[in-house]
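What follows is calculated from the coordinates using simple rules that are stated; it is not laboratory data. The structure displayed is predicted, hence computed values, not measured ones. Here the Cβ is made from the backbone with ideal geometry for all residues, glycine too, and neighbour counts use every protein chain on show.
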Amino acid sequence: MNYAIENIAGSDAYGGMFTFDLKFITNQNIDMKVPIVLITGVSRGFGLELTREYCRLGWRVFGVFRSKEDGAQLASKFGKAFVPILADLCDDSAVRKIRLSLEEETDYLSLLINNAGIGGFGHFIGETSVNEIKELFDVHCCGAIRCLQAALPFLRKAEQPTVVNVSSRVGSIHKVSSGDFDHIPLSYGIRMAKAAQNMLSASIYRELRGTGIAVFAIHPGKIRTQMGSPDADMTAKQAAKTFVSWLPKIRQERDFGYFQAGAEELPF
């Protein structure tokens, strides 16, 4: 049986708008899956603005946060498009909590954005706290691993699945050792944690190559947030809009890399 269909408009797997005309389809069912993203650290800053952007584009957003109060506010703000997940990424129980939340609502995941992070204060080796470094590694590296462990079975079932670890330019060993950031007070902890997270991204990519899962380490830009550097020059909202529009483009070209969103490829 033939069906006449005209002027279909929608969005691709990553929110890019498209329009096309189909005149006849024979014995076909159109299955347009809603893209689904899991974002950590959605309570404020870049994570909050990413949530806003993806909800606006019609995605379903699973958001991970630590505070019940934050969860109530987020659910009220974003409605049914948002699925709240209360979990502490520094605890192994987060793996089960995230996995169960996904299982209850979906069998696939289009995009994982490991965004949760904290800053550090030890700018000089003499004032650097080992406990602070441990905490940063637990959030930026171990937290990302826990999310990946929970999300990987769902990523494997999606079309063009993507993992993004929200990194930083200061995780570049090349740039730090070249003195690019000597003029900026940066903590030992954040530099070390982000460099280690970049190694995590590279290792995941090598393990998953050939599965169709892309892996990116992304510096979102110099954002004016609580963790922002003195030379920050953009808002979290601007950074999120740039990220969301740029990611599908690089996804079509590459399946791995360390980039500044919307700009250059960074050296590890």
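Pairs of Lys residues in the chain are counted when their Cα atoms are under 20 angstrom apart and they lie 8 or more places apart or on different chains; the count is 18.
Taking Cα atoms only, the orientation of helix 93-105 departs from the longest principal axis of the chain by about 10 degrees.
Can you give the percent of C-alpha pairs in segment 206-256 whose distance is more than 18 Å? Percent of Cα pairs beyond 18 Å in segment 206-256: 44.
Gain on full extension, evaluated as 0.36 nm per residue between His183 and Val130 minus their Cα-Cα distance, stands at 16.7 nm.
When its C-alpha radius of gyration is set against 2.2 N^0.38 Å (N residues), segment 86-140 gives a value of 1.55. Calculate the length of the line joining the C-alpha centroid of segment 72-102 to that of segment 114-143, in whole Å. The distance from the Cα centre of segment 72-102 to that of segment 114-143 comes to 23 Å.
Extending 7 Å from the Cα toward the beta-carbon at both Glu207 and Cys90 defines two label points whose distance is 2.3 nm. Tilt of helix 68-78 relative to the longest C-alpha principal axis of the chain, in degrees (0 to 90, nearest 10)? Value to nearest ten degrees: 40.
Here the contact order of segment 33-260, divided by its residue count and restricted to Cα pairs under 8 Å and six or more residues apart, works out to 20 percent. Relative to the longest principal Cα axis of the chain, at what angle does helix 188-208 sit, 0 to 90 degrees, rounded to 10? The angle comes out near 40 degrees.
Taking the Kirkwood radius as Rh and the Cα radius of gyration as Rg, the chain has a ratio of Rg/Rh equal to 1.00.
Within segment 57-208, the ratio Rg/Rh, alpha carbon atoms throughout and Rh by Kirkwood, equals 1.01. Exposure proxy ranking for Thr242, Thr211, based on other Cβ atoms within 10 angstrom of each Cβ and starting from the fewest, stands as Thr211, Thr242.
Considering only Cα atoms, the convex hull volume of segment 164-215 works out to 69 Å³ per residue. Residue-wise HN-Hα couplings along segment 118-128, as the Karplus relation 6.51 cos²θ - 1.76 cosθ + 1.60 with θ = phi - 60° gives them from phi, are 9, x, x, 10, x, 7, 10, 4, x, 10, 7 Hz; Gly and Pro carry x.
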